[in-house]
């Protein structure tokens with residue numbers, strides 16, 4: 001059978017398009033912080049590597065944009081970030097990037113936003129409308145329910161810029177959900193069987209984790225990790241620590257304020273480290289679940305009441 005010149009031309013064009021699509025470079029994906037990188041890397045597994053803007057030791061609350069950061073942002077095809085109330089340094093430069101798709105996770109459809117007011121109930125946003133985000137806790141990645149929402153939003157964006165890998169992204173999303181289901185099942189058991197020691201955290205970043213698994217933080221040292229808490233707050237916190245008896249305190253890797261040692265001096269306090277920015281977790285398969293599991297393990301391990309010294313002595317003999 002012979003094809004007409006028009007059909008042959010059309011066939012050649014289709015082959016060129018298919019060939020170009022098959023050999024197209026995957027998009028360059030950038031996230032603002034490590035926890036978002038963990039999620040995005042699982043979703044792009046088998047397609048591309050995801051880079052992160054803030055390196056270990058950097059605080060998204062107070063980061064100053066460097067020339068190297070600006071170059072990374074300008075070369076990215078897609079940028080996933082939390083929102084203006086977390087990365088205050090980003091909105092201005094993102095507004096000038098015409099060829100880059102930036103997606104704020106606090107705007108994801110269906111994300112659960114908790115009020116910053118301790119006594120207020122959290123807010124469910126099912127509409128994806130803009131908010132005054134300063135009213136809401138931006139540490140949204142510490143909820144596995146929110147991680148599912150963010151992953152779905154990420155895949156929607158990835159498919160829009162890279163439709164050739166749609167099936168792979170959607171397959172990765174399904175696997176990601178299965179891993180989170182298992183993590184939730186395991187972590188709920190850990191929390192249910194954990195001890196009852198009160199615990200205190202460095203700053204009020206853990207509300208989503210509390211809500212997800214039923215933890216209850218007894219107190220926090222500061223609302224902003226980059227500033228010294230007020231004297232009145234520290235006095236009240238010291239009273240809480242004294243009343244708590246045996247307790248746990250969790251600081252964070254980037255911050256080692258001397259006032260934690262001062263307030264816990266002479267008390268039955270165990271000091272540990274919680275890392276809400278996942279500095280020690282390598283991106284890859286099940287990295288987000290490993291991150292959440294490590295947070296839960298750190299807390300529940302410390303919540304176990306220590307054995308009395310008399311029992312420790314007898315068991316040693």
Being in contact (Cβ under 8 Å) with a residue 12 or more places away in the chain and over 20 Å from residue 199 (Cβ atoms) is the filter; apply it to the range 281-306 and report the residue that is surrounded by the most Cβ atoms within 10 Å (Cβ to Cβ).
-> 288
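Please specify each residue of the range 222-244 satisfying the condition of being in contact (Cβ under 8 Å) with a residue 40 or more places away in the chain and either under 28 Å from the mean Cα position of the chain (by Cα) or at positive phi (or both).
Residues of the range 222-244 that are in contact (Cβ under 8 Å) with a residue 40 or more places away in the chain, as a first pass: 224-226, 240-241, 244.
Once the filter is applied, which keeps residues that are in contact (Cβ under 8 Å) with a residue 40 or more places away in the chain and either under 28 Å from the mean Cα position of the chain (by Cα) or at positive phi (or both), the range 222-244 yields 224, 225, 226.
So, residue 154, is that one in the same structural domain as residue 83 (by TED's automatic domain parsing), closer than 25 Å to residue 62 by Cα and in a helix (DSSP H, G or I) or not? Walk me through it before giving the result.
Details: in the same structural domain as residue 83 (by TED's automatic domain parsing): yes; closer than 25 Å to residue 62 by Cα: no; in a helix (DSSP H, G or I): yes.
Here the answer is no, as residue 154 does not meet what is asked.
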Assess whether residue 147 counts as being touching a residue at least 12 places away in the same chain (Cβ under 8 Å), surrounded by 22 or more Cβ atoms within 10 Å (Cβ to Cβ), within 18 Å of the chain's Cα centre (by Cα) and part of a helix (DSSP H, G or I).
-> yes
All positions within the range 267-287 that are closer than 21 Å to residue 200 by Cα and more than 14 Å from the chain's Cα centre (by Cα) | 267, 268, 269, 270, 271, 272, 273
Of the criteria (1) modelled with pLDDT under 95; (2) over 16 Å from residue 147 (Cβ atoms), which one residue 48 fails | (1)
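The values are calculated or read from the model by the stated rules, or taken from the named source; none is laboratory data. Since we're looking at a predicted model, the values are computed, not measured. Every residue, glycine among them, receives a Cβ derived from its backbone with ideal geometry; neighbour counts consider all protein chains shown.
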